[in-house]
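What follows draws every value from the coordinates through simple rules; no lab data is involved. Computed from a predicted model, the values in this text were never measured in an experiment. Every residue, glycine as well, gets a Cβ built from its backbone with ideal geometry; the counts of neighbours run over all protein chains shown.
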Ligand code: CTP
């Protein structure tokens with residue numbers, strides 16, 4: 001269940017037609033410098049831009065370009081070719097190949113491999129700005145993202161065609177970074193077929209407590225201090241832990257989600273109620289604090305609705321709420337073996353998360369950016385960094401269910417390490 005390092009990764013690189021194909025040669029060189037094995041497949045259009053001989057020389061492997069080559073098929077069939085890789089990279093990914101991928105066409109070797117693969121696919125789009133912005137390409141892009149295809153770029157800038165805007169292929173160093181991230185996360189959510197088979201027993205016999213959603217801190221009978229947390233990530237973790245065979249106690253603030261089947265669900269309002277419920281649910285093997293707990297509450301709660309007074313300004317005095325995560329982390333008795341916190345940051349995500357790990361005393365922090373433009377709050381996807389005392393892993397954008405799956409696997413690993 002360890003991540004695949006780039007130095008031993010097998011990359012299947014599909015080069016489609018576009019002026020950016022020349023950058024793929026540099027990409028091959030950089031990947032090989034880092035120790036990766038690169039097998040190259042070129043579409044017919046790609047061969048109009050760069051020669052198969054250059055790609056073969058740089059990759060050190062013969063180039064595959066045809067679906068019906070008997071000699072190639074005898075050596076290694078196309079199904080095998082698509083599976084004997086850790087990651088499939090499409091760079092450049094033209095508008096045409098994205099369209100063919102989105103519709104599931106298999107009309108040449110490249111698209112056949114893309115349809116036959118069981119490995120993650122990372123695409124680096126490159127095309128004219130109008131083509132990139134065309135509704136058809138937007139549709140294909142959204143569709144492919146929903147299918148789980150990972151993307152790097154495109155970037156904005158002057159284009160070979162003389163126009164300016166988004167559509168330039170990401171630079172080779174950025175593609176190498178994205179490949180490393182994809183490889184790091186690959187084991188986190190897909191694993192080997194063998195490890196998948198044991199998924200339903202991964203946490204059997206374990207008790208996992210998960211907090212989720214916001215807390216509402218009352219001001220008077222009708223008003224409260226709250227936040228935008230939807231509870232989706234916390235609920236997805238509870239669901240994934242149930243799927244992995246754990247007994248799950250989910251302690252949730254007010255959300256509009258249904259209770260995950262199979263969990264013991266405790267509904268709370270305020271941070272203090274959440275803390276009480278967590279205390280009552282202990283002991284546990286792991287505690288995962290995914291709730292967006294309000295840091296502050298009103299010092300006093302009015303029994304009647306507060307009326308507008310003669311004064312134009314009103315002052316609300318706030319006092320700090322108990323920090324549930326820090327309290328659980330610092331327990332001397334009944335501390336769960338694995339304590340995981342979340343960090344929602346708007347800037348310096350990794351550095352702030354590392355500081356939070358130390359301050360709160362937890363074992364792992366799942367950090368995500370909630371800066372403007374991200375869809376973390378309320379959205380379906382999440383991009384996280386997983387930080388412990390020694391390392392930081394950056395996972396590519398995934399659905400919250402996939403992130404939950406990765407976290408559950410990591411919990412199982414951490415529990416096994418402590419035995
Ligand atoms: N948390 C908690 N109890 C609190 C506040 C936070 O259990 N009273 C947990 C959250 O569930 C989350 C983690 O602590 O796992 C981080 O919460 P966050 O609000 O991001 O951190 P803060 O401690 O508030 O730090 P800062 O405001 O500096 O970001």
**Complete:** Once residue 413 and residue 156 are pulled to full extension, the length gained, defined as 0.36 nm per residue separation minus their Cα-Cα distance, is 88.5 nm
**Prompt:** With springs only between Cα atoms under 10 Å, which of 230, 313, 156 fluctuates most in a Gaussian network model of the chain?
**Reply:** 313
**Message:** Taking the number of other C-beta atoms within 10 Å as the exposure measure, put 143, 78 in order starting with the fewest.
**Reply:** 143, 78
**Prompt:** What FRET efficiency comes out for the pair residue 370/residue 33, r = Cβ-Cβ distance, R0 = 41 Å, nearest 0.05?
**Reply:** 0.65
**Message:** Using 0.36 nm times the number of residues separating residue 138 and residue 389, minus their current alpha carbon distance, what extension gain do you get?
**Reply:** 86.3 nm
**Fill in**
Reduced to Cα centres, the span from segment 101-124 to segment 198-224 in Å works out to 39
**Complete:** Here the FRET efficiency for residue 347 versus residue 305, based on Cβ atoms and R0 = 41 Å and rounded to 0.05, is 0.60
**Asked** Which percent, to the nearest 5, of DSSP beta bridges fully inside the chain are antiparallel?
**Response** 30
**Prompt:** When DSSP beta bridges are limited to those with both residues in segment 195-333, what percentage is antiparallel, rounded to the nearest 5?
**Reply:** 25
**Prompt:** Using alpha carbons only, how many degrees (0 to 90, rounded to 10) separate the axis of helix 135-146 from the longest principal axis of the chain?
**Reply:** 70
**Request:** Determine the gain in length on full extension of the stretch residue 220-residue 273; use 0.36 nm per residue of separation and subtract their C-alpha separation, reporting nm with one decimal.
**Result:** 17.4 nm
**Prompt:** From the Cα gyration tensor of segment 251-295, with a ≥ b ≥ c the square roots of its eigenvalues, which class applies: rounded if a/c is under 1.5, or else prolate if a/b is larger than b/c, or else oblate?
**Reply:** oblate
**Fill in**
Shape call for segment 6-193, from the Cα gyration tensor axes a ≥ b ≥ c (a/c under 1.5 means rounded, otherwise prolate when a/b beats b/c, else oblate), comes out rounded
**Message:** Give me Rg/Rg_expected for the chain, where Rg uses Cα atoms only and Rg_expected = 2.2 N^0.38 Å with N residues.
**Reply:** 1.14
**Fill in**
If the label point sits 7 Å along Cα→Cβ of residue 57, residues of segment 24-43 with amide N under 19 Å come out as 24-33, 38-42
**Request:** Neighbouring Cβ atoms within 10 Å as the yardstick, rank 15, 175 fewest first.
**Result:** 175, 15
**Message:** I need 395, 296 ordered by Cβ neighbour count within 10 Å, fewest first.
**Reply:** 296, 395
**Asked** Rounded to the nearest 0.05, what FRET efficiency do residue 106 and residue 201 have when you use their Cβ-Cβ distance and R0 = 30 Å?
**Response** 0.25
**Within a Gaussian network of the chain (alpha carbon springs, distance under 10 Å), most fluctuating of 280, 246, 45** = 280
